[in-house]
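The structure appears right after this line, and notes come after that.
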């Protein structure tokens, strides 16, 4: 009987995946064990799997073979060659020619703004007040300060604002400007409706009355600090009341796909993957990308799913 080894791996989705190592070519390669890799649709050895998995998690460049992208989120590879329970670590998978506003990757990028030439021209037309034909822009690109939640080097939640057209652009700018940016979906305080002023306010965890309404201090780098007037009255003096807004969205690719299909947003997608306004809830490092291909909506995390 030939040598036959069976290894059982437990994936992060709480179901068991079995891998059979078999001496597939006893005449040509006696003693060499192979297993069937579903992602590559090939019979490979443990050593080959290790090489592919390691290469797929190195910094992605234009020279990286596309076939290795299938190995980036492989749970079999992670269980075989790393700590089985290890969380995916940050990898630089950004594309150097990706526009932070529209997500296209087939146009030249204006390095000063991070936008493609087309988006840059549309913005210039708004600033001038007319387009190439001398008429006002029908779809104005107005930039607004938009907040994203980021985790600092000590693991604490922080918030930053970026001037952006939409929430997805703010996330793309954060990824572009903050090295190994990691996002969170927390709020600086509890959101409470104030009937007297008829708006929501952030309240301090210790002082949840109206006097504990948080104010915000803006740093030059876009970082926002939320201050309680009761806890730190001197520091809060003269600061504006905090603006309540939605938290950064952390979602799964499956949820984003279903949401886009149910709200008919998917019909506006193209055949090229473009980032959405939702951060992957597995790695928390990159925006989930979506595309419409052959009538089907496809979503992925560029780091976890490659």
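Beyond 33 Å, how much of the Cα-Cα pair distribution for the chain remains, as a whole percent? Could you put the intermediate results ahead of the total?
Details: 19166 of 46665 pairs.
Summing the P(r) tail past 33 Å for the chain gives 41 percent.
Given R₀ = 30 Å, what would the calculated FRET efficiency be for residue 219 paired with residue 193, taking r from the Cβ atoms and rounding to 0.05?
Working: r = 29 Å, r/R0 = 0.96.
After rounding, the FRET efficiency stands at 0.55.
Given 0.36 nm per residue, what is the gain on full extension from residue 110 to residue 200 after removing their alpha carbon distance, in nm? Mind showing how you got there, number by number?
Numbers: separation 90, 0.36 × 90 = 32.40 nm, distance 3.88 nm.
Using 0.36 nm per residue and subtracting the Cα-Cα distance, I get 28.5 nm.
Residue 127 to residue 244: extension gain in nm, 0.36 nm per residue of separation minus the Cα-Cα distance?
Values: separation 117, 0.36 × 117 = 42.12 nm, distance 2.86 nm.
Length gained, residue 127 through residue 244: 39.3 nm.
In what order do 21, 273, 183 fall by count of nearby beta-carbon atoms within 10 Å, going from fewest to most?
Values: 21 17, 273 20, 183 26.
Ascending number of Cβ neighbours within 10 Å: 21, 273, 183.
How big is the Cα convex hull of segment 94-178 in projection, averaged over all directions, in nm²? Write down the numbers at each step before the final one.
Values: hull surface 24.6 nm².
Over all viewing directions, segment 94-178 projects a mean Cα-hull area of 6.1 nm².
Would you mind getting me the FRET efficiency between residue 50 and residue 28? Use the beta-carbon distance for r and R0 = 25 Å, nearest 0.05. Working shown, then result.
On the way: r = 22 Å, r/R0 = 0.86.
Approximately 0.70, to the nearest 0.05.
Over all distinct alpha-carbon pairs, what is the Kirkwood Rh of segment 190-236 in angstrom? Provide the component values of the computation, followed by the final result.
Values: mean 1/r = 0.0893 Å⁻¹.
After inverting the pairwise mean of 1/r, the radius is 11.2 Å.
In nm, to one decimal, how far is the residue 252 label point from the residue 268 one, both placed 7 Å along Cα→Cβ?
With each label placed 7 Å out from Cα toward Cβ, I get 2.6 nm.
Would you order 113, 139 from fewest to most other beta-carbon atoms within 10 Å of each residue's own beta-carbon? List each step's numbers first, then the result.
Numbers: 113 14, 139 6.
With the fewest neighbours first, 113, 139 line up as 139, 113.
Nearest 0.05, what FRET efficiency do residue 58 and residue 137 give at R0 = 35 Å with Cβ-Cβ as r?
On the way: r = 43 Å, r/R0 = 1.23.
Efficiency, from the Cβ-Cβ distance: 0.20.
What list do you get for 36, 127 if you sort them by fewest beta carbons within 10 Å?
Details: 36 14, 127 7.
Ascending number of Cβ neighbours within 10 Å: 127, 36.
Computed from the coordinates by the stated procedures, all read-outs in this text should not be read as laboratory data. Since we're looking at a predicted model, the values are computed, not measured. In this analysis, Cβ positions are derived from the backbone assuming ideal geometry, glycine residues included, and neighbour counts consider all displayed protein chains.
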